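The values are calculated or read from the model by the stated rules, or taken from the named source; none is laboratory data. Remember, predicted model here, so these are calculated numbers, not experimental data. As a convention, Cβ positions derive from the backbone with ideal geometry for all residues, glycine included, and neighbour counts pool all protein chains shown. For accessibility, only protein heavy atoms count, side chains too; no ligands or nucleic acids. Shrake-Rupley method; radii C 1.70, N 1.55, O 1.52, S 1.80 Å.
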Amino acid sequence: MSSRSSRGLALACLCPTPAAFALGEAAGPVARVPLNVPAITMFLVFVAVTLGITAWAARRTRTTADYYAAGGSITGTQNGVAIAGDFMSAASFLGVTGLIYSGGFDGLIWGVGGLAGWPLLLFLLSERLRNLGRYTFADAVGFRLAAGPMRTLAACSTLIVISLYLVGQMVGAGTLIQLLFGLPYWGAVVTVGGLMVLYVTFGGMIATTWVQITKAVLLLFGSTVLGLLVMNEFGFSFERLFKAAVAVHPKGPAVMAPGGIVSDPLSALSLGAALMFGTAGLPHILMRFFTVPDARAARHSVFVATALIGYFYLLIVVLGFGAIALVGGRPEFLTTAGKLIGGDNMAAIHLSKVVAGDLFLGFVSAVAFATILAVVSGLTLSGASAIAHDLYANVWRRERATEQEVVGISRVAAVALGLLAVVLGIAFEGQNVAYMVLLAFAVAAAVNFPLLVLALYWRGLTTRGAVVGGTVGLLTAIACVVFGPTVWVDLLHHASAPFPYRYPALFALVACVTVTVLVSLTDRSERARREASAYDAQYVRAVTGLGASGASEH
Amino acid sequence: MDQLYTRILADTDFQRLQRRRERLCLWLSLAVFSAFLGFILLIAYAPGALATPLAPGMVTTRGVPLGSSVILFGFALTGLFVWRSNREFDIEMARILARHAAQD
């Protein structure tokens, strides 16, 4: 397998979300670029605005509900923009544009895959999740199951997903900022880590949401302007855009066709499962459903998010092909080997210079930095709630902790996660972190998503079944990645991998569901009987919203 | 609360409404799932079908409008679901809940 196609494969899994590998791999030895003054100025304005938001949010954050769920004060539309912001990461904006720049049509696959999970999340999960939970998705999974084991499992899977993501983001951020701003790698990582800890510890969910909304609006604005300018170059004709791309790209007409990103049907299905179900199982996105007042607003927020994400991915297709047509043939953007300066991920950045000049280049760079910052903040808050709300308040203290205590633990957890992310981000500088994102998506798709669906729709699910099945799914995902080509061959340089498939999601999903169902069906314990009889009350609350948190304030 | 839940669960209007809601969720989920699966399977088994130009002499291939339509289709289905939920399900559910609340 050529290095380009294996890179495409690995990118596949992370494009819908954070920057990780997409940006991490561009790394290698990065030549220091001169300080980019307009970009840094605009980024500093963004930082000043977001710190203002954080100060305002800190004054409004009094209770645990404020801290974790913005007190249910976010409207459906605002939440939709924030959710879209979580998803429109630097990996989508820079990574997928770069993927189209190098591979053409194949990039569209990630756009389609990135969107497909959202309708499913809306139809199956969003309303019931909102009606059953308070702060984390573990609230809904463990609604009628034993709190101790269920929350421990859910918190473990959340922390695995979150920390893998955070490290991937940090490595991506360091590299990107080095390229865009001319800052040293460690300086970029420390800046991102420091700012995210400030937002999360002082501003909680209110700040995290508004930072995400601000960035989403900036990113949508920037990419819309870019898209319009590109289309303007081609008289707003797609055929002319594609014709110009075909003329420039070394692949010629093949740039408009699928290029063997998935080699066999089973890999295709497993990649599909990771994209589709992974989206619906990401803890930092599921957490957002608790920031709105009721199920109706939750539903509306997915509608808004789907619209924005769909629009964004269609724009990315224009930007990707625009980059081929307008940047590809120009020697000033290419190395002597004919590669893009700074790697494929710089395609969107170079494009902004071509169509709109230096000032807009600065704006787009600042937005890319802001994107990383907003996404890591959401991740950190989600990890901190798993530690403080699930593990500390519900498992360890068995709901005897005071609100102040729990928020205090959250803040400590956020600082600890921030430190961990900075240290690991620096430790993994220049390394291939593809496997981390693969694993994060596999765990979300193979553990969080099926357990949530089973808990909400299947009366027969028992604690024993969920814990055993979830653990099996978790271990299967880890084993498939470690013994698969991504780690075993690419990272450890063995000749071939014991597990031949690159995408673990489908295998871990099947393992998790099979074991969960079998163990639940054979569970004859008294607790299993109680859990089945508690299903009715859970069902009525889930579909009517009676007794849902926040409902009493209306 | 438990008594109220039991009463609602036994309400035939509630059961009828839930059957309609759940059927819609199921069909919409299957529709979006099949569209996505179909696209993935075309890429795996018949990439040539996607690589065919829309018309002789054009460079735009069938895959471009097809992929974009999967995105638009997914969005259209979320719109349909939200529209029916707002216009129909929420109102009926509110009526059922109000009736039970009045009995308390």
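Per the listing A:Gly278, A:Gly272, A:Gly328, the residue uniquely in a loop (DSSP other than H, G, I, E, B) and either of a type in the set (Gly, Ala, Ser) or open to solvent by 20 Å² or more (accessible area, probe 1.4 Å) (or both) is A:Gly328. Only residues in segment A:400-421 that are farther than 18 Å from A:Gly187 by Cα count as the first member; pair them with residues that are basic (Lys, Arg) and assigned to a helix (DSSP H, G or I), Cβ under 6 angstrom, at least 6 apart or cross-chain, and list the lot. Close Cβ pairs satisfying both conditions: none exist.
On inspection, A:Ala532 qualifies as under 24 Å from A:Leu132 (Cα atoms) and either assigned to a helix (DSSP H, G or I) or at pLDDT below 95 (or both). Against the list (1) open to solvent by 10 Å² or more (accessible area, probe 1.4 Å); (2) modelled with pLDDT under 95; (3) among the hydrophobic types (A, V, I, L, M, F, W, C), the condition A:Val171 fails is (1). Kindly list the number of the only condition in (1) more than 9 Å from every other protein chain (Cβ to nearest Cβ); (2) surrounded by 15 or more Cβ atoms within 10 Å (Cβ to Cβ); (3) of a type in the set (D, E, K, R) that fails for B:Glu88. It fails just one condition, (2).
When segment B:1-23 is filtered for residues that are more than 7 Å from chain A (Cβ to nearest Cβ), of a type outside the set (Phe, Trp, Tyr), open to solvent by less than 20 Å² (accessible area, probe 1.4 Å) and in a helix (DSSP H, G or I), only B:Leu17 remains.
Conditions tested, residue by residue: (1) over 17 Å from A:Val318 (Cα atoms); (2) open to solvent by less than 10 Å² (accessible area, probe 1.4 Å); (3) touching a Pro at 6+ places or on another chain (Cβ under 7 Å); (4) outside any helix (DSSP H, G or I).
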residue	(1), (2), (3), (4)
A:Gln78	yes, no, no, no
A:Ala84	yes, yes, no, no
A:Ala91	no, yes, yes, no
A:Leu124	yes, no, no, no
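Residues that are within 7 Å of another protein chain (Cβ to nearest Cβ), open to solvent by less than 50 Å² (accessible area, probe 1.4 Å) and over 30 Å from A:Lys243 (Cα atoms) occur at least once in segment B:31-43. For segment B:74-85, filtered to residues that are of a type outside the set (Phe, Trp, Tyr) and at the interface with chain A (Cβ under 7 Å from one of its Cβ atoms), the residue that is nearest to A:Arg299 (Cα to Cα) is B:Val82. When segment A:143-173 is filtered for residues that are within 12 Å of A:Ala455 (Cα to Cα) and either basic (Lys, Arg) or free of Cβ contacts under 8 Å to residues at least 40 places away in the same chain (or both), only A:Arg144 remains. Kindly provide the set of residues from segment A:225-266 that are within 9 Å of chain B (Cβ to nearest Cβ) and aromatic (Phe, Trp, Tyr), ordered by number. Within segment A:225-266, A:Phe238, A:Phe242 qualify. Scanning segment A:281-301 for residues that are facing chain B (nearest Cβ under 9 Å) and not in a helix (DSSP H, G or I) gives no hits.
Restrict the check to segment B:55-73 and report whether at least one residue is at negative phi, in contact with a Lys or Arg (Cβ under 8 Å, 6 or more places away or on another chain), at the interface with another protein chain (Cβ under 7 Å from one of its Cβ atoms) and aliphatic (A, V, I, L, M). Walk me through it before giving the result.
Step one: of segment B:55-73, the residues at negative phi are B:55-56, B:58-73.
Narrowing the set further to residues that are in contact with a Lys or Arg (Cβ under 8 Å, 6 or more places away or on another chain) leaves B:59.
From the residues that got through so far, the ones that are at the interface with another protein chain (Cβ under 7 Å from one of its Cβ atoms) too are B:59.
In the following step, the residues that additionally are aliphatic (A, V, I, L, M) were identified as B:59.
Scanning segment B:55-73, I find at least one residue that is at negative phi, in contact with a Lys or Arg (Cβ under 8 Å, 6 or more places away or on another chain), at the interface with another protein chain (Cβ under 7 Å from one of its Cβ atoms) and aliphatic (A, V, I, L, M), so the answer is yes.
If you check A:Leu509 against the conditions, is it assigned to a helix (DSSP H, G or I), of a type outside the set (Val, Ile, Thr) and crowded, with 16+ Cβ neighbours inside 10 Å? So A:Leu509 fits the description; yes.
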